[in-house]
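The values are calculated or read from the model by the stated rules, or taken from the named source; none is laboratory data. What you see is a predicted model; the values in this text were computed from it and never measured. Every residue, glycine as well, gets a Cβ built from its backbone with ideal geometry; the counts of neighbours run over all protein chains shown. Side chains are part of the model used for accessible areas, which takes the heavy atoms of the whole protein and leaves out ligands, DNA and RNA. Shrake-Rupley method; radii C 1.70, N 1.55, O 1.52, S 1.80 Å.
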Amino acid sequence: MRIRRILAFLLLAAVPVGSVVGMLWLKSLRPELRLRLMAPLTIATCAILVPTWAAPVLVVSAALWGLSGLASAHDMVVQGAFVQRVPDASRGQAIGLASAAMQSAQGFGIVLAGLLAEVLTPAAVVGLAGAAGVVAATGAALAWRRASLAR
């Protein structure tokens with residue numbers, strides 16, 4: 001029983017630990033390189049979770065979640081790029097709207113995952129969420145690229 005608790009702790013700690021490591025790594029890079037890595041890391045954050053569908057052993061799941069957390073450090077770059085591109089006069093409103101949209105999307109995702117977990121295994125739900133995230137992140141990356149080229 002004690003080992004299961006330790007493994008569960010590793011699984012729950014994997015994403016935040018990976019994220020801290022990722023932020024320290026990204027912080028050490030040049031700003032232009034961080035921007036170039038933003039889209040691939042956004043996609044990788046989700047893609048890394050797709051193998052969870054196969055319900056790997058807990059240690060492998062924790063490693064996947066840790067790597068996903070590392071890639072999720074792209075949030076730091078996204079937030080910086082967003083703030084720099086919003087005009088000063090509307091920055092507060094834009095940040096408030098972005099925050100509300102993020103919280104709403106996360107809440108919707110939790111509800112949807114809970115409903116799916118009623119008919120699928122939790123591992124399948126995480127893998128499916130990873131696949132859906134890849135599609136959404138790829139769309140966002142393409143939109144970012146188009147917007148960047150238009151500048």
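General remarks:
- Taking all protein chains into account, the per residue accessible area for the chain stands at 66 Å² (1.4 Å probe).
- Pairwise label distance in nanometres, Val59 with Met76, each label 7 Å out on the Cα-Cβ vector: 2.9 nm
- In this view, the solvent-accessible surface of Arg85, computed with a 1.4 Å probe and all protein chains in place, comes to about 90 Å².
- Cα-based Kirkwood hydrodynamic radius, region 1-109, one decimal, Å: 15.5 Å
- Qualifying chymotrypsin sites (Phe, Trp or Tyr not before Pro) in region 66-151, DSSP loop, other Cβ atoms within 10 Å at most 13: none
- Relative to the current alpha-carbon distance between Ala131 and Gln103, full extension at 0.36 nm per residue lengthens the span by 8.0 nm.
- Using a Förster distance of 25 Å, the FRET efficiency for Glu118-Leu12 (Cβ separation, nearest 0.05): 0.70
- Relative to the longest principal axis of the Cα atoms of the chain, the long axis of helix 122-150 lies at roughly 10 degrees.
- Between 0 and 90°, nearest 10: helix 74-85 axis offset from the chain longest Cα axis: 20 degrees
- Rounded to 10°, Cα long-axis angle of helix 2-27 versus longest principal axis of the chain: 20 degrees
- For region 43-48, the Karplus equation 6.51 cos²θ - 1.76 cosθ + 1.60, evaluated at θ = phi - 60°, returns couplings of 5, 4, 3, 8, 4, 4 Hz by residue, with Gly and Pro reported as x.
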